[in-house]
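Take a look at the structure set out below.
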Amino acid sequence: MEITEAQYQRIKDCFPRQRSNISLSDLQVINAILYVAEQGCKWRDLPSRLANWHTIYTRMNRWSKAGVLNRIIARLQQEQIIQLGAVMG
């Protein structure tokens, strides 16, 4: 499951302002997080084509602690981009 650029534009206000020198876009990060959730795989098993697993995990963890991840998932559901069952298994 991946969201498109057009779908991302509908939810981009949920994301925190990016700091300078960020190598991955928020869209890349959320798609990698959705991949792990959908596949049920370990972070270390994230395909390198998506990104370095540790980079994704670190940002996901920061977003989770700040409540950002909950806002993103809620908006994805509100906009009918994903269904909860698709992410939570």
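Would you confirm whether or not the range 29-39 contains a residue that is open to solvent by less than 70 Å² (accessible area, probe 1.4 Å), of a type in the set (A, V, I, L, M) and in contact (Cβ under 8 Å) with a residue 60 or more places away in the chain?
No, every residue in the range 29-39 fails to be open to solvent by less than 70 Å² (accessible area, probe 1.4 Å), of a type in the set (A, V, I, L, M) and in contact (Cβ under 8 Å) with a residue 60 or more places away in the chain.
I'd like to know if the range 14-27 contains one or more residues that are open to solvent by 50 Å² or more (accessible area, probe 1.4 Å) and in a helix (DSSP H, G or I).
No, the range 14-27 has no match at all.
List, please: which pairs have Cβ atoms under 8 Å, are six or more places apart or on different chains, and start with a residue in the range 15-28 that is closer than 10 Å to residue 59 by Cβ and end with one that is open to solvent by less than 50 Å² (accessible area, probe 1.4 Å) and among the basic types (Lys, Arg)?
Correct list of pairs: 24/59.
Does the range 54-75 include one or more residues that are touching a residue at least 12 places away in the same chain (Cβ under 8 Å), open to solvent by 60 Å² or more (accessible area, probe 1.4 Å) and in contact with a Phe, Trp or Tyr (Cβ under 7 Å, 6 or more places away or on another chain)?
yes
Please work out if residue 10 is open to solvent by 90 Å² or more (accessible area, probe 1.4 Å), assigned to a helix (DSSP H, G or I) and either modelled with pLDDT under 95 or in contact with a Cys (Cβ under 8 Å, 6 or more places away or on another chain) (or both).
yes
The values are calculated or read from the model by the stated rules, or taken from the named source; none is laboratory data. All figures in this text were calculated on a predicted structure; none of them were measured in a lab. FYI the Cβ positions are ideal-geometry reconstructions off the backbone, even for glycines, and counts take in every protein chain you see. Note: accessible area is taken over every heavy atom of the protein model, side chains too, but ligands, DNA and RNA are not part of it. Shrake-Rupley method; radii C 1.70, N 1.55, O 1.52, S 1.80 Å.
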